[in-house]
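Step one of this worksheet: look at the structure below.
None of the figures in this text is laboratory data; all of them are computed from the coordinates on show. Nothing here was measured: the structure is a model prediction, and the numbers come from that model. Every residue, glycine among them, receives a Cβ derived from its backbone with ideal geometry; neighbour counts consider all protein chains shown.
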Amino acid sequence: MGLGKLFKGQCLSSINYRATEAWELAQVFDREGRRIMHESVLTVQPGQEAVLVNEGVLTDIFEPGRYELSTENMPITTSLKEWKYGFDETFVVETIFVNKNDIVDIPWGTSGKLTIPDQTFGMVNLGANGKYSFAITDSAAFINKLMGTKRRYTVEDLKGFLTSHISMIFKEIVTGMPMNFFDIQGYCGEASELMKQKLGEFLADYGITVKAMNVQIALPEAVLKAIDERATMGAMGGMQAYAFKKQVDAQTEAMVSMAKNPNGGMNSMAGMGMQMAAGMAMAGQMGNMMNSMGQVPMGNMAQAGANAAQPGAQAGGAARPKFCSQCGSPISANDKFCSNCGAKLG
């Protein structure tokens, strides 16, 4: 083999690269020890940008297209090498292919739980996760400040760099905004916009533009249950209905506990009286709520039903039954003391 052929065999006549995966952000072209020769052809694929690096200095940048490398289209490299009269020899230059496409749906999550004050639930431990999308918009800044000396840079590398910073941004946002977990969807939307803005400001210095940001807040089970209950009761009056339901639940639990006691509770006359009184109170409160909504007065219906259940009730209406305020036992209008517990009656 002649020296001419041997020399050409050690040179690159064509430079091009296709990424092996969608999440590859940048890759140094492997020259395999060969040098670039005059009029070597550089092909940059759609969605790519090729950056030439000469002796550690970023020089010329090429957008998608086909280029025959020469002094005309390599002004910076030519100037650095002082090739005033064209290429008289081969030269060594690194070529980095940068992915300029939008990189979408990158998952993120906080590194741990955050303790946040809430006006309804007090202190709440919560985390957050979601997805974001971005694109490299300044290849030179990305290579100089983020990729550095790596020969390959991927989304996984970027995620490792961003994880702690995203958690810090989220903590800053949630501690700076009043929380209301009953309006969690609206809060997530606002938090998403703020996180996109703050993360975008941080990554702009590295040549990256944030295109979208999604936030989902992971709430404790007890808070999720309360939100579900609130949603169920919302059609019956919002917070008033929610508070009433909690009261009814507590009264029901107390009745069940008394019923399990074989020596008293619901099995005694006093227990039965308390049960009737509690039932009447519930019906009355529900009636008030329904009246405020323009519905049938449930309290009156419950009272009428109770009157009808009393012995000797008349069609024209009987006197409203009375109960001992201490033990709940039925009493008559003329009683001075309760026959069950002996309490003095007002």
- [ ] Given a cut-off of 23 Å, name the pairs among Lys159/Lys198; Lys113/Lys211; Lys159/Lys225 whose C-alpha atoms lie farther apart than that in the structure shown.
- [x] Lys113/Lys211; Lys159/Lys225
Task: Residues Ser325 and Ala212, FRET efficiency given R0 of 45 Å [Cβ-Cβ distance, rounded to 0.05] - done: 0.10
